[in-house]
Structures are given as C-alpha cells and as structure tokens.
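**Student:** Sharing a structure, written as structure tokens. Questions coming.
The values are calculated or read from the model by the stated rules, or taken from the named source; none is laboratory data. No experiment lies behind these values; they were computed from the predicted model shown. Note that we place each Cβ from the backbone using ideal geometry, even for glycine, and neighbour counts take in every protein chain shown.
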Amino acid sequence: MTDIVIQGIGGRMGHVLCDMIAQREDCRVVAGIDLHAGEQNGIPVVSNPEDLVGRGDVIIDFSSPAAVEKILPYCEAHKVPIVLCTTGMSDELNLKIVQLSRSVPVFKSANMSLGINLLAELCKRASAILGSAYDVEIVEQHHHNKLDAPSGTALMLADAVNEENNGAYHYVYGRSSVRAKRDPMEIGISSVRGGSIVGDHEVLFCGPDEVITLKHTAYSRSVFANGAINAAIYLAKKEPGLYNMSDLISER
C-alpha cells in the first residue's frame, strides 16, 4: 500500500485524484497540501508541508510553479519522492528540480497520459522518416481557465521532433507580427483557449501534396490522474534520479 500526499488537493485534478485513488487497493490518500488548511472528505489538509509530520510515501503535485518551488526544500529535507505534473515552470525552477533529483526520486512529465507519450514517440518516428521536407505545425487546445500557453505538452511534442533532428529546429509561437516566408527549420505552435476543452493536441507534418496528422484528444481528466497515480506507485520504490513516462512505460 502506497501512502500518497496530494499537493493541490483542492483543485480540479486534486478532486479527480482523490476519487480515483479511492477506487484502488494499492494506494490511498493520507494527506493534502493546499492554500487553506483543514479537511477534505476526511483527509487532513495542511498549508505548510512541514505539518505533514511524516505522512506519505510520495507526493503527487498538481498545483502551480510557485507551490512547486515551496515543496522542493521539504522533499530534500525529508527525502520524499515527488511526482511533478505542474507545467509552465521556469528554466531556473527546472534546474532546481534536476538538482533535487540527485538525492530524491523525482518523476516529471508535461503530460501524464499514456496516449500523449505514445504520440511523442510517433512524432519522433514520423520525423525520422519524413525529414525536413515536411513542415511541422502543432495546434493545442485547452479550456479557458488554463494559464500557460503554449501547453507544456505542446512543447514536449515539439521537443520530441527536435531531439530526433539534433536540435536543428526553432519554435515560432505566432506569425502575426512578422511578414516573411516560413523557415523550413521552424516548428509552429498555436494555442486555442475556450470552453471546457480538457486537452487536444494535433501535430501536422505538411509535405508536398499531402499532410500527415497525428492527434490526441483527452475527454476526461482521469487519463492524467491515472498516469500520475501509477507514476507515484512506481516512484515510491525507486532510487534518487529524474524519471519520466518513458521510464514507466519501459517497465510495464
């Protein structure tokens, strides 16, 4: 039985996580961290991680970059593994996460969906076969409450293509301010925000007289929650290091 602490327990993903974990027999929620201390459906909630007093084998974080920065020292001091699902983090914060992983198991992914991570692998494969003769465009769509744009997942997909090409591409996030022919070594990333869209990512490989489209649509937040829970159970048994969905998938 893996004891899980949820940072951001009061948010939408926090509620989804609690509901899904309640249906499982291999883990349980023992505490939550949120802005306001108290109780949520019988689960103790603290605002200061130090008040956890030893609860939890692993932390799942669905919060904000500011909250992530505050939890890292606690994980370091108490050697508590953490699954980071928050996006929109700065380069400086990402560096702190890498440093933490030298002494604590850290799992970090821009998207916890198995399908999205499969999509990233398919993008690599498509890029290797099609080459630079095909222009790459990414369109991501999310609900109107999402704060960061482009999404961390869109950047993850762009990085997958770029890694396959030894970092030869650069990213363009909008073309309205520039009147110029498209650079063949750019990846265009466009963002749509509206309604209650959970998450939609489309990668287009646009070539001479044809377009190949790879697409993933999330219809429920449960796909992200399920991936995060599996990652937490996986991480609780690991040695210090920086892990991602590829590591989890390879051991399935």
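Condition check ((1) out of contact with any helix residue (DSSP H, G or I) (no Cβ under 9 Å at 6 or more places or on another chain); (2) in a strand (DSSP E or B)) across all residues:
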site: PRO184; (1), (2): no, no
site: VAL192; (1), (2): yes, yes
site: PHE205; (1), (2): no, yes
site: LEU214; (1), (2): no, yes
site: ALA225; (1), (2): no, no
site: ALA231; (1), (2): no, no
site: GLU239; (1), (2): yes, no
site: ILE249; (1), (2): no, no
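**Student:** Which of the residues spanning segment 70-97 are exposed (fewer than 14 other Cβ atoms within 10 Å of the Cβ) and among the hydrophobic types (A, V, I, L, M, F, W, C)?
**Tutor:** Residues satisfying the conditions are ALA77, LEU95.
**Student:** If ALA67 meets every condition in (1) buried (at least 17 other Cβ atoms within 10 Å of the Cβ); (2) in contact with a Leu (Cβ under 8 Å, 6 or more places away or on another chain) apart from one, which number is that one?
**Tutor:** Looking at each condition in turn, ALA67 falls short on (2).
**Student:** Out of GLY174, GLY188, report the one residue that is assigned to a strand (DSSP E or B) and either at pLDDT below 95 or farther than 30 Å from VAL5 by Cβ (or both). Talk me through it step by step, then tell me what you get.
**Tutor:** Numbers: GLY174 fails: assigned to a strand (DSSP E or B).
Going through GLY174, GLY188 in turn, just one is assigned to a strand (DSSP E or B) and either at pLDDT below 95 or farther than 30 Å from VAL5 by Cβ (or both): GLY188.
**Student:** If you go through segment 104-116 one residue at a time, do you hit one that is out of contact with any His (no Cβ under 8 Å at 6 or more places or on another chain), surrounded by fewer than 19 Cβ atoms within 10 Å (Cβ to Cβ) and not in a helix (DSSP H, G or I)? Break it down stepwise before answering.
**Tutor:** Of the residues in segment 104-116, the ones out of contact with any His (no Cβ under 8 Å at 6 or more places or on another chain) are 104-112, 114.
Filter again for surrounded by fewer than 19 Cβ atoms within 10 Å (Cβ to Cβ), leaving 114.
Adding the requirement that they be not in a helix (DSSP H, G or I) leaves none.
Within segment 104-116 (the criterion being out of contact with any His (no Cβ under 8 Å at 6 or more places or on another chain), surrounded by fewer than 19 Cβ atoms within 10 Å (Cβ to Cβ) and not in a helix (DSSP H, G or I)), the answer is no, since none of the residues qualifies.
**Student:** Restricting to segment 11-58, give me the number of residues that are hydroxyl-bearing (Ser, Thr, Tyr) and in a strand (DSSP E or B).
**Tutor:** So the answer is 0.
**Student:** Check off (1) within 20 Å of GLY227 (Cβ to Cβ); (2) crowded, with 20+ Cβ neighbours inside 10 Å for ASP57 and give me the number that stays unchecked.
**Tutor:** (2)
**Student:** How do the pairs read when you match residues in segment 1-13 that are of a type in the set (Phe, Trp, Tyr) with residues anywhere that are modelled with pLDDT of 95 or more and surrounded by fewer than 24 Cβ atoms within 10 Å (Cβ to Cβ), using Cβ under 7 Å and keeping only pairs 6 or more apart or on different chains?
**Tutor:** none
**Student:** Continuing with this model, one more query. Does VAL172 satisfy the condition of being outside the structural domain of LEU72 (by TED's automatic domain parsing), surrounded by 15 or more Cβ atoms within 10 Å (Cβ to Cβ) and among the β-branched types (Val, Ile, Thr)? Let's see the steps before the verdict.
**Tutor:** Numbers: outside the structural domain of LEU72 (by TED's automatic domain parsing): yes; surrounded by 15 or more Cβ atoms within 10 Å (Cβ to Cβ): yes; among the β-branched types (Val, Ile, Thr): yes.
For VAL172, the condition - outside the structural domain of LEU72 (by TED's automatic domain parsing), surrounded by 15 or more Cβ atoms within 10 Å (Cβ to Cβ) and among the β-branched types (Val, Ile, Thr) - is met.
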